[in-house]
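Novice: The structure is given below, and queries will be raised subsequently.
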Amino acid sequence: MLPQPFILTDQGLIKGGFMKKVYIDGSAGTTGLRINERFENRDDIEILHISEELRKDNRERAKFLNEADIAFLCLPDAAAIEAVSLMDPDNDKTVIIDTSTAHRTDPGWAYGFPELSSEFRDRIRSSKRIAGPGCYASGFIMMVYPLIKEGIISADYPIAVSALSGYSGAGKKAIAVYEGDDKPKDYNAPREYALSQQHKHLKEMKAVCGLVREPLFTPVVDDYYSGMLVSFPIYSYLCKKKVKPEELREILASYYSGERFIRVMPYGAEADGNGFLSASDMSGRDDAKIFVTGNDERLLVCSSFDNLGKGASGAAIQCMNIVLGCDEAKGLNI
């Protein structure tokens, strides 16, 4: 009997009617490890495992990349670009989902943030090349993109944004220092960085939101494992359309209506934390929360999520689920 075009599972329809082969290039990194964790109970995929001694052998990598239906690139930028070069030019099967910075502003790649519009989701669904958003950029874009689209702020608004992240986003070497016995004293406190305003996510923030200039960005890493809080302050007198905090909250809630991965919290929800927002509140989850606070003159929009979840591996798996035609939340914690 010929395979049916779809198979029905508990989580929905899977394209093709058979298990999809998935390869993770860079499975030992923090993003790759989290993706592997989220696949533990999947019944619709087969993970291809490369031997440890050959994981950096390009001939072996090429074999696995071209055999896969879905290939995740959890690599530094240069290695991700190299991985793409290993693809057979005649391969029209493999969908690559790149979690590095390398292709996020490349017009030939779909940008992996489906909640921004139906066009973003449709392009992810039909693309063979998908660039996963950066963690800081995700928090920034989920706030700024709809405010520009809804005419609240202009593309030349002088944006300044700050962010607080757990140390897991800093990579394996930094994680080893934070968790080591000889941790330097200054690692016990929040540390501001990217002081030259050259952070690698800035180009992505500008390009996806259609900004005239890159924002002023202040990232801070702190001594906790995961979770991120990105804050965008707004002067009402600089807005194209002046709104009160309650009105701004309703605009964002309407924009993301029906989306399960982004929850715009009720106005005043920060009272549940006695007026505090914790950057680790969403640790271990794959969705995000948006808060709107402030007053009529000075408004504050904050996004809270896990830098390894909606900011990395969770977003990548959500994109894979869209490609496969199954429940977007399958295997994810929301």
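Here is a yes/no grid of residues against (1) within 19 Å of residue 312 (Cβ to Cβ); (2) touching a helix residue (DSSP H, G or I) at 6+ places or on another chain (Cβ under 9 Å):
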{"position": "67", "(1), (2)": "no, no"}
{"position": "70", "(1), (2)": "yes, yes"}
{"position": "80", "(1), (2)": "yes, no"}
{"position": "86", "(1), (2)": "no, yes"}
{"position": "100", "(1), (2)": "yes, yes"}
{"position": "106", "(1), (2)": "yes, no"}
{"position": "113", "(1), (2)": "yes, yes"}
{"position": "116", "(1), (2)": "yes, yes"}
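Novice: Kindly list, by first and then second residue, each pair from a residue in region 223-251 that is crowded, with 16+ Cβ neighbours inside 10 Å to a residue that is of a type in the set (Val, Ile, Thr), limited to pairs with Cβ atoms under 6 Å and residues at least 6 apart or on different chains.
Specialist: What qualifies is 232/161; 232/301; 239/152; 239/153; 245/292; 248/292; 249/292.
Novice: Turning to a different aspect of this structure: Before we move on, is residue 233 over 28 Å from residue 38 (Cβ atoms) and outside any loop (DSSP other than H, G, I, E, B)? Quick ask: steps written out before the conclusion?
Specialist: Numbers: over 28 Å from residue 38 (Cβ atoms): yes; outside any loop (DSSP other than H, G, I, E, B): yes.
Yes, satisfied.
Novice: How many of the residues making up region 214-248 are within 21 Å of residue 113 (Cβ to Cβ) and of a type outside the set (A, V, I, L, M)?
Specialist: 8
Novice: Among residues belonging to region 106-127 that are of a type in the set (Phe, Trp, Tyr) and assigned to a loop (DSSP other than H, G, I, E, B), point out the one that is surrounded by the fewest Cβ atoms within 10 Å (Cβ to Cβ). Step through it out loud before you land on a result.
Specialist: Our first condition is that a residue be of a type in the set (Phe, Trp, Tyr); within region 106-127, this holds for 109, 111, 113, 120.
Those left that are additionally assigned to a loop (DSSP other than H, G, I, E, B): 109, 113.
On the way: 109: 21, 113: 25.
Restricting to residues being of a type in the set (Phe, Trp, Tyr) and assigned to a loop (DSSP other than H, G, I, E, B), the top hit is 109.
Novice: Could you pull out the residue among 170, 176 that is surrounded by fewer than 18 Cβ atoms within 10 Å (Cβ to Cβ) and either under 19 Å from the mean Cα position of the chain (by Cα) or not assigned by TED's automatic domain parsing to the domain that holds residue 153 (or both)?
Specialist: Being surrounded by fewer than 18 Cβ atoms within 10 Å (Cβ to Cβ) and either under 19 Å from the mean Cα position of the chain (by Cα) or not assigned by TED's automatic domain parsing to the domain that holds residue 153 (or both) holds for just one of 170, 176, which is 170.
Novice: Where residues in region 128-163 are within 27 Å of residue 316 (Cα to Cα) and of a type in the set (Val, Ile, Thr), which of them is surrounded by the fewest Cβ atoms within 10 Å (Cβ to Cβ)?
Specialist: Selected residue: 148.
Novice: Sticking with this structure for a sec: In the list 294, 275, 314, which residue meets the criterion of being surrounded by fewer than 20 Cβ atoms within 10 Å (Cβ to Cβ), of a type in the set (Gly, Ala, Ser) and either at pLDDT below 95 or under 30 Å from residue 187 (Cβ atoms) (or both)? Lay out the reasoning, then the answer.
Specialist: Numbers: 294 fails: either at pLDDT below 95 or under 30 Å from residue 187 (Cβ atoms) (or both); 314 fails: surrounded by fewer than 20 Cβ atoms within 10 Å (Cβ to Cβ).
One residue alone meets the criteria, 275.
Novice: Report whether or not residue 76 is free of Cβ contacts under 8 Å to residues at least 40 places away in the same chain, within 27 Å of residue 164 (Cα to Cα) and surrounded by fewer than 22 Cβ atoms within 10 Å (Cβ to Cβ).
Specialist: On the way: free of Cβ contacts under 8 Å to residues at least 40 places away in the same chain: yes; within 27 Å of residue 164 (Cα to Cα): yes; surrounded by fewer than 22 Cβ atoms within 10 Å (Cβ to Cβ): yes.
So residue 76 fits the description; yes.
Novice: For residue 81, state whether it is modelled with pLDDT of 95 or more, under 20 Å from residue 127 (Cα atoms) and in contact with a Gly (Cβ under 7 Å, 6 or more places away or on another chain).
Specialist: Spelling it out, it is not the case that residue 81 is modelled with pLDDT of 95 or more, under 20 Å from residue 127 (Cα atoms) and in contact with a Gly (Cβ under 7 Å, 6 or more places away or on another chain).
Novice: From 224, 187, grab the single residue that is within 23 Å of residue 313 (Cβ to Cβ), assigned by TED's automatic domain parsing to the domain that holds residue 284 and not hydrophobic (A, V, I, L, M, F, W, C).
Specialist: Details: 187 fails: within 23 Å of residue 313 (Cβ to Cβ).
Criteria check complete, one pass: 224.
The values are calculated or read from the model by the stated rules, or taken from the named source; none is laboratory data. Owing to the predicted nature of the structure, the values given are computational and were not obtained by experimental measurement. Glycine also receives a Cβ, built like all others from the backbone with ideal geometry; neighbour counts cover every protein chain displayed.
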